[in-house]
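The values are calculated or read from the model by the stated rules, or taken from the named source; none is laboratory data. A quick note: this is a predicted structure, and the numbers were derived from the prediction, not measured. As a convention, Cβ positions derive from the backbone with ideal geometry for all residues, glycine included, and neighbour counts pool all protein chains shown.
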Ligand SMILES: [Zn+2]
(Lines give C-alpha, C1' and ligand atoms only; values in the text may rest on other atoms or scores of the structure.)
Protein backbone atom coordinates (compact mmCIF):
# COMPACT_ATOMS: atom_id res chain seq x y z
CA UNK A 1 0.00 0.00 0.00
CA UNK A 2 1.36 3.41 -0.92
CA UNK A 3 1.14 6.32 1.45
CA UNK A 4 1.19 10.06 1.16
CA UNK A 5 -2.15 10.87 -0.40
CA UNK A 6 -3.63 13.05 2.30
CA UNK A 7 -6.87 14.02 0.64
CA UNK A 8 -8.55 10.90 -0.66
CA UNK A 9 -7.96 7.18 -0.77
CA UNK A 10 -10.05 6.60 -3.82
CA UNK A 11 -7.04 5.71 -5.91
CA UNK A 12 -6.00 3.10 -3.34
CA UNK A 13 -9.31 1.38 -3.89
CA UNK A 14 -10.87 2.42 -0.60
CA UNK A 15 -13.49 4.77 -2.04
CA UNK A 16 -13.58 6.75 1.21
CA UNK A 17 -12.31 10.20 2.06
CA UNK A 18 -9.49 10.34 4.55
CA UNK A 19 -9.96 12.60 7.58
CA UNK A 20 -8.19 15.47 5.82
CA UNK A 21 -10.03 14.74 2.58
CA UNK A 22 -13.41 14.91 4.31
CA UNK A 23 -12.42 18.19 5.96
CA UNK A 24 -11.51 19.51 2.52
CA UNK A 25 -14.95 18.67 1.14
CA UNK A 26 -16.53 20.33 4.17
CA UNK A 27 -14.36 23.45 3.67
CA UNK A 28 -15.76 23.76 0.15
CA UNK A 29 -19.31 23.50 1.47
CA UNK A 30 -18.66 26.08 4.22
CA UNK A 31 -17.61 28.56 1.54
CA UNK A 32 -21.23 28.50 0.39
CA UNK A 33 -22.51 30.93 3.06
CA UNK A 34 -21.74 28.63 5.96
CA UNK A 35 -20.04 29.33 9.25
CA UNK A 36 -17.79 27.24 11.39
CA UNK A 37 -18.55 26.69 15.08
CA UNK A 38 -16.02 25.60 17.63
CA UNK A 39 -18.06 23.31 19.89
CA UNK A 40 -15.41 21.72 22.06
CA UNK A 41 -12.21 19.77 22.35
CA UNK A 42 -11.69 16.04 22.39
CA UNK A 43 -10.12 14.14 25.28
CA UNK A 44 -6.76 14.58 23.49
CA UNK A 45 -7.47 18.28 22.84
CA UNK A 46 -8.33 18.01 19.18
CA UNK A 47 -10.76 20.76 18.18
CA UNK A 48 -14.34 19.63 17.55
CA UNK A 49 -15.95 21.76 14.89
CA UNK A 50 -19.48 21.99 13.60
CA UNK A 51 -20.65 23.93 10.54
CA UNK A 52 -23.90 25.77 10.07
CA UNK A 53 -25.90 27.17 7.16
CA UNK A 54 -29.20 28.91 6.74
CA UNK A 55 -30.88 27.66 3.60
CA UNK A 56 -33.15 29.50 1.23
CA UNK A 57 -32.19 33.08 1.96
CA UNK A 58 -28.40 33.38 1.76
CA UNK A 59 -28.50 37.15 1.31
CA UNK A 60 -30.19 37.60 4.68
CA UNK A 61 -28.70 34.58 6.30
CA UNK A 62 -27.93 36.43 9.52
CA UNK A 63 -24.83 34.26 9.77
CA UNK A 64 -21.55 36.04 9.42
CA UNK A 65 -17.96 36.15 10.50
CA UNK A 66 -19.01 37.40 13.94
CA UNK A 67 -20.80 34.12 14.55
CA UNK A 68 -17.71 32.01 14.06
CA UNK A 69 -16.84 30.02 17.15
CA UNK A 70 -20.08 31.05 18.88
CA UNK A 71 -22.45 28.10 18.71
CA UNK A 72 -26.08 28.90 19.22
CA UNK A 73 -25.82 32.63 18.69
CA UNK A 74 -26.78 32.45 15.03
CA UNK A 75 -30.13 30.91 15.86
CA UNK A 76 -31.26 34.00 17.72
CA UNK A 77 -32.21 37.38 16.27
CA UNK A 78 -29.22 39.68 16.52
CA UNK A 79 -29.45 42.87 18.56
CA UNK A 80 -30.01 45.91 16.39
CA UNK A 81 -30.95 43.92 13.32
CA UNK A 82 -34.13 45.04 11.61
CA UNK A 83 -36.49 42.71 9.77
CA UNK A 84 -34.52 39.75 11.04
CA UNK A 85 -35.81 36.65 9.27
CA UNK A 86 -37.62 34.26 11.59
CA UNK A 87 -35.48 31.27 12.44
CA UNK A 88 -36.64 28.28 10.42
CA UNK A 89 -36.59 24.67 11.53
CA UNK A 90 -33.22 23.29 12.62
CA UNK A 91 -31.72 20.12 11.16
CA UNK A 92 -28.77 18.58 13.02
CA UNK A 93 -26.63 16.03 11.16
CA UNK A 94 -24.16 13.96 13.13
CA UNK A 95 -21.67 11.21 12.23
CA UNK A 96 -18.72 9.21 13.59
CA UNK A 97 -19.98 8.90 17.16
CA UNK A 98 -18.55 5.43 16.49
CA UNK A 99 -15.27 6.27 14.77
CA UNK A 100 -15.00 3.19 12.54
CA UNK A 101 -18.32 3.79 10.83
CA UNK A 102 -16.99 5.89 7.96
CA UNK A 103 -19.95 5.16 5.70
CA UNK A 104 -21.80 7.64 7.95
CA UNK A 105 -19.41 10.43 7.01
CA UNK A 106 -19.76 9.74 3.29
CA UNK A 107 -23.57 9.75 3.47
CA UNK A 108 -23.43 12.88 5.65
CA UNK A 109 -21.34 14.74 3.03
CA UNK A 110 -23.68 13.61 0.24
CA UNK A 111 -26.71 14.88 2.19
CA UNK A 112 -25.03 18.24 2.79
CA UNK A 113 -24.30 18.52 -0.93
CA UNK A 114 -27.96 17.86 -1.71
CA UNK A 115 -29.18 20.30 0.96
CA UNK A 116 -26.92 23.13 -0.24
CA UNK A 117 -27.67 22.27 -3.86
CA UNK A 118 -31.40 22.81 -3.26
CA UNK A 119 -32.23 19.17 -3.96
CA UNK A 120 -34.09 18.68 -0.67
CA UNK A 121 -37.37 20.57 -0.22
CA UNK A 122 -36.95 22.28 3.13
CA UNK A 123 -38.74 25.40 4.39
CA UNK A 124 -36.97 28.69 3.61
CA UNK A 125 -34.75 29.76 6.48
CA UNK A 126 -33.99 26.19 7.54
CA UNK A 127 -30.88 26.01 9.72
CA UNK A 128 -28.56 23.09 9.06
CA UNK A 129 -25.91 22.21 11.62
CA UNK A 130 -23.40 19.55 10.67
CA UNK A 131 -21.07 17.78 13.08
CA UNK A 132 -19.18 15.61 10.63
CA UNK A 133 -16.66 14.11 13.03
CA UNK A 134 -17.97 13.83 16.58
CA UNK A 135 -15.01 11.73 17.70
CA UNK A 136 -11.80 13.09 16.15
CA UNK A 137 -9.48 11.13 18.46
CA UNK A 138 -11.24 7.96 17.38
CA UNK A 139 -11.15 8.72 13.67
CA UNK A 140 -7.46 9.66 13.89
CA UNK A 141 -6.77 6.28 15.48
CA UNK A 142 -8.82 4.51 12.81
CA UNK A 143 -6.95 6.29 10.03
CA UNK A 144 -3.54 5.54 11.55
CA UNK A 145 -4.43 1.85 11.66
CA UNK A 146 -5.69 1.92 8.08
CA UNK A 147 -2.52 3.58 6.83
CA UNK A 148 -0.43 1.02 8.67
CA UNK A 149 -2.56 -1.80 7.25
CA UNK A 150 -3.23 -3.02 10.78
CA UNK A 151 -6.65 -4.37 11.86
CA UNK A 152 -7.99 -2.33 14.75
CA UNK A 153 -11.19 -2.24 16.80
CA UNK A 154 -12.29 1.31 17.61
CA UNK A 155 -15.65 2.10 19.12
CA UNK A 156 -14.97 4.67 21.84
CA UNK A 157 -13.17 7.94 22.36
CA UNK A 158 -9.56 8.18 23.56
CA UNK A 159 -10.69 7.09 27.05
CA UNK A 160 -12.45 4.04 25.66
CA UNK A 161 -15.95 5.40 26.35
CA UNK A 162 -18.71 4.56 23.89
CA UNK A 163 -20.21 8.02 23.23
CA UNK A 164 -23.40 6.34 21.99
CA UNK A 165 -23.98 5.34 25.66
CA UNK A 166 -22.71 8.51 27.36
CA UNK A 167 -25.61 10.92 26.79
CA UNK A 168 -27.51 12.14 29.86
CA UNK A 169 -31.02 10.87 29.05
CA UNK A 170 -31.62 7.40 30.53
CA UNK A 171 -27.90 7.07 31.26
CA UNK A 172 -26.86 3.98 33.18
CA UNK A 173 -23.50 2.91 34.57
CA UNK A 174 -22.45 -0.61 33.73
CA UNK A 175 -22.56 -3.40 36.31
CA UNK A 176 -19.09 -4.79 37.08
CA UNK A 177 -19.91 -8.33 35.93
CA UNK A 178 -20.23 -7.13 32.35
CA UNK A 179 -16.75 -5.53 32.23
CA UNK A 180 -15.66 -7.92 29.49
CA UNK A 181 -18.35 -6.77 27.02
CA UNK A 182 -16.91 -4.35 24.43
CA UNK A 183 -20.23 -2.91 23.25
CA UNK A 184 -21.25 -1.07 26.41
CA UNK A 185 -18.69 1.34 27.84
CA UNK A 186 -20.88 4.22 29.04
CA UNK A 187 -18.23 6.15 30.99
CA UNK A 188 -18.24 7.19 34.64
CA UNK A 189 -21.28 9.47 34.43
CA UNK A 190 -23.77 11.17 32.13
CA UNK A 191 -22.03 13.41 29.55
CA UNK A 192 -18.69 12.73 31.27
CA UNK A 193 -16.91 12.90 27.91
CA UNK A 194 -15.96 16.16 26.18
CA UNK A 195 -17.12 14.78 22.82
CA UNK A 196 -20.61 14.14 24.22
CA UNK A 197 -20.79 17.70 25.51
CA UNK A 198 -19.60 18.98 22.13
CA UNK A 199 -22.44 17.13 20.37
CA UNK A 200 -24.97 18.73 22.74
CA UNK A 201 -23.34 22.13 22.22
CA UNK A 202 -23.51 21.78 18.44
CA UNK A 203 -27.16 20.73 18.56
CA UNK A 204 -28.08 23.91 20.42
CA UNK A 205 -31.48 24.41 21.91
CA UNK A 206 -34.10 21.95 20.64
CA UNK A 207 -33.17 21.04 17.05
CA UNK A 208 -36.25 20.16 14.99
CA UNK A 209 -34.78 16.99 13.55
CA UNK A 210 -31.61 15.01 14.29
CA UNK A 211 -30.02 12.37 12.07
CA UNK A 212 -27.14 10.40 13.59
CA UNK A 213 -25.42 8.26 10.96
CA UNK A 214 -23.98 4.88 11.96
CA UNK A 215 -23.23 1.47 10.45
CA UNK A 216 -24.55 -1.21 10.02
CA UNK A 217 -27.69 -3.33 9.48
CA UNK A 218 -29.94 -1.11 7.31
CA UNK A 219 -32.13 0.13 10.14
CA UNK A 220 -33.82 3.45 10.76
CA UNK A 221 -34.02 3.58 14.55
CA UNK A 222 -35.69 6.11 16.83
CA UNK A 223 -36.33 6.63 20.54
CA UNK A 224 -36.76 5.25 23.05
CA UNK A 225 -33.53 3.25 23.05
CA UNK A 226 -33.79 2.11 26.64
CA UNK A 227 -37.27 0.60 26.71
CA UNK A 228 -39.73 -1.41 24.65
CA UNK A 229 -42.51 1.06 25.33
CA UNK A 230 -44.73 2.03 22.44
CA UNK A 231 -45.81 5.57 23.12
CA UNK A 232 -46.56 8.79 21.24
CA UNK A 233 -42.82 9.21 20.56
CA UNK A 234 -42.62 5.86 18.83
CA UNK A 235 -45.78 6.56 16.88
CA UNK A 236 -44.77 9.96 15.54
CA UNK A 237 -41.26 8.78 14.59
CA UNK A 238 -42.71 5.63 13.05
CA UNK A 239 -45.09 7.70 10.93
CA UNK A 240 -42.24 9.80 9.52
CA UNK A 241 -40.08 6.73 8.77
CA UNK A 242 -42.98 4.79 7.28
CA UNK A 243 -44.05 7.66 5.06
CA UNK A 244 -40.47 8.32 3.90
CA UNK A 245 -39.98 4.64 3.05
CA UNK A 246 -43.25 4.59 1.15
CA UNK A 247 -42.51 7.77 -0.81
CA UNK A 248 -38.89 6.83 -1.49
CA UNK A 249 -38.24 3.15 -0.79
CA UNK A 250 -34.75 2.02 0.23
CA UNK A 251 -34.39 -1.67 -0.50
CA UNK A 252 -33.64 -3.64 2.66
CA UNK A 253 -34.16 -0.79 5.14
CA UNK A 254 -36.60 -1.17 8.01
CA UNK A 255 -37.63 1.06 10.91
CA UNK A 256 -38.25 0.45 14.60
CA UNK A 257 -37.67 2.04 17.99
CA UNK A 258 -34.14 1.14 19.07
CA UNK A 259 -35.44 -0.33 22.35
CA UNK A 260 -37.34 -2.91 20.30
CA UNK A 261 -34.37 -3.96 18.17
CA UNK A 262 -34.35 -7.32 19.98
CA UNK A 263 -36.02 -8.66 23.09
CA UNK A 264 -32.71 -8.69 24.97
CA UNK A 265 -31.50 -5.32 23.75
CA UNK A 266 -31.54 -2.00 25.63
CA UNK A 267 -29.32 1.00 24.94
CA UNK A 268 -28.92 3.52 27.77
CA UNK A 269 -27.75 7.08 27.22
CA UNK A 270 -27.93 7.18 23.42
CA UNK A 271 -27.75 10.41 21.49
CA UNK A 272 -31.23 9.97 20.00
CA UNK A 273 -32.92 9.77 23.40
CA UNK A 274 -31.02 12.90 24.45
CA UNK A 275 -32.84 15.05 21.89
CA UNK A 276 -36.40 14.20 22.90
CA UNK A 277 -38.97 15.66 22.36
CA UNK A 278 -37.32 16.57 19.03
CA UNK A 279 -37.50 13.99 16.28
CA UNK A 280 -34.24 12.08 16.11
CA UNK A 281 -33.21 9.07 14.05
CA UNK A 282 -30.19 6.80 14.31
CA UNK A 283 -29.60 5.32 10.87
CA UNK A 284 -27.62 2.08 10.61
CA UNK A 285 -26.30 2.37 7.07
CA UNK A 286 -25.49 -0.54 4.79
CA UNK A 287 -24.68 -4.14 5.61
CA UNK A 288 -21.03 -3.27 5.95
CA UNK A 289 -18.48 -5.01 3.82
CA UNK A 290 -17.76 -8.38 5.39
CA UNK A 291 -16.31 -10.64 2.72
CA UNK A 292 -16.58 -7.98 0.01
CA UNK A 293 -13.12 -6.40 0.31
CA UNK A 294 -11.02 -9.46 -0.36
CA UNK A 295 -9.33 -11.97 1.89
CA UNK A 296 -6.65 -9.67 3.24
CA UNK A 297 -9.25 -7.42 4.86
CA UNK A 298 -11.59 -10.15 6.05
CA UNK A 299 -10.73 -9.81 9.72
CA UNK A 300 -10.30 -6.03 9.90
CA UNK A 301 -13.31 -4.48 11.69
CA UNK A 302 -13.11 -1.33 9.54
CA UNK A 303 -13.95 -3.36 6.48
CA UNK A 304 -16.69 -5.23 8.32
CA UNK A 305 -18.48 -1.97 9.12
CA UNK A 306 -18.00 -0.18 5.79
CA UNK A 307 -19.17 -1.31 2.34
CA UNK A 308 -16.80 -1.00 -0.63
CA UNK A 309 -19.27 1.26 -2.48
CA UNK A 310 -20.41 4.24 -0.36
CA UNK A 311 -21.94 5.99 -3.36
CA UNK A 312 -24.00 2.88 -4.13
CA UNK A 313 -25.36 2.95 -0.59
CA UNK A 314 -26.28 6.62 -1.01
CA UNK A 315 -28.15 5.78 -4.19
CA UNK A 316 -30.10 3.20 -2.20
CA UNK A 317 -30.91 5.12 0.98
CA UNK A 318 -30.32 8.78 0.02
CA UNK A 319 -33.85 9.30 -1.32
CA UNK A 320 -35.38 7.99 1.95
CA UNK A 321 -33.12 10.17 4.09
CA UNK A 322 -33.92 13.21 1.96
CA UNK A 323 -37.61 12.43 2.45
CA UNK A 324 -37.20 12.06 6.23
CA UNK A 325 -35.61 15.51 6.24
CA UNK A 326 -38.43 16.99 4.16
CA UNK A 327 -41.18 15.46 6.28
CA UNK A 328 -39.38 16.01 9.58
CA UNK A 329 -38.82 19.72 8.88
CA UNK A 330 -42.38 20.26 7.70
CA UNK A 331 -41.52 20.99 4.08
CA UNK A 332 -41.93 18.90 0.94
CA UNK A 333 -45.72 18.59 0.87
CA UNK A 334 -46.89 15.50 -0.97
ZN1 LIG B 1 -22.58 2.90 15.49
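Among the residues that make up region 212-227, is at least one of them surrounded by fewer than 20 Cβ atoms within 10 Å (Cβ to Cβ), away from the ligand (no atom under 16 Å from the Cβ), more than 16 Å from residue 265 (Cα to Cα) and more than 18 Å from the chain's Cα centre (by Cα)?
There is no residue in region 212-227 that is surrounded by fewer than 20 Cβ atoms within 10 Å (Cβ to Cβ), away from the ligand (no atom under 16 Å from the Cβ), more than 16 Å from residue 265 (Cα to Cα) and more than 18 Å from the chain's Cα centre (by Cα).
When you look at residue 275, is it farther than 21 Å from residue 328 by Cβ and touching a residue at least 24 places away in the same chain (Cβ under 8 Å), yes or no?
Considered against the rule, which asks whether it is farther than 21 Å from residue 328 by Cβ and touching a residue at least 24 places away in the same chain (Cβ under 8 Å), residue 275 comes out as no.
Pick from region 87-103 the residues that are farther than 19 Å from residue 289 by Cα and buried (at least 24 other Cβ atoms within 10 Å of the Cβ): which of them is nearest to the ligand (Cβ to nearest atom)?
Here the answer is 97.
Taking region 117-160, which residues are touching a strand residue (DSSP E or B) at 6+ places or on another chain (Cβ under 7 Å) and surrounded by fewer than 19 Cβ atoms within 10 Å (Cβ to Cβ)?
125
Listed here are the residues, each with its yes/no results for (1) more than 16 Å from the ligand (Cβ to nearest atom); (2) at positive phi; (3) in contact with a helix residue (DSSP H, G or I) (Cβ under 9 Å, 6 or more places away or on another chain).
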| position | (1), (2), (3) |
| --- | --- |
| 120 | yes, no, yes |
| 130 | yes, no, yes |
| 142 | no, no, yes |
| 171 | yes, no, yes |
| 174 | yes, no, yes |
| 178 | yes, no, no |
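Only one of (1) within 16 Å of the ligand (Cβ to nearest atom); (2) in contact with a helix residue (DSSP H, G or I) (Cβ under 7 Å, 6 or more places away or on another chain); (3) in contact (Cβ under 8 Å) with a residue 40 or more places away in the chain is not met by residue 303, so which one is it?
(3)
What residue, of 322, 316, 296, is away from the ligand (no atom under 16 Å from the Cβ), assigned to a helix (DSSP H, G or I) and within 17 Å of the chain's Cα centre (by Cα)?
Going through 322, 316, 296 in turn, just one is away from the ligand (no atom under 16 Å from the Cβ), assigned to a helix (DSSP H, G or I) and within 17 Å of the chain's Cα centre (by Cα): 322.
Quick test for you: out of 313, 239, 284, pick the one residue that is closer than 29 Å to residue 89 by Cα and in contact with a strand residue (DSSP E or B) (Cβ under 7 Å, 6 or more places away or on another chain).
284
If residue 135 satisfies every condition in (1) away from the ligand (no atom under 16 Å from the Cβ); (2) at pLDDT 95 or above but one, which is the exception?
(1)
Sort through 93, 44, 63 and tell me the only one that's at pLDDT 75 or above and either under 25 Å from residue 123 (Cβ atoms) or not in a loop (DSSP other than H, G, I, E, B) (or both).
Exactly one of 93, 44, 63 is at pLDDT 75 or above and either under 25 Å from residue 123 (Cβ atoms) or not in a loop (DSSP other than H, G, I, E, B) (or both), namely 93.
So residue 241 passes all but one of these: (1) within 16 Å of the ligand (Cβ to nearest atom); (2) buried (at least 21 other Cβ atoms within 10 Å of the Cβ); (3) over 16 Å from residue 270 (Cα atoms). Which condition number does it fail?
All conditions are met except number (1).
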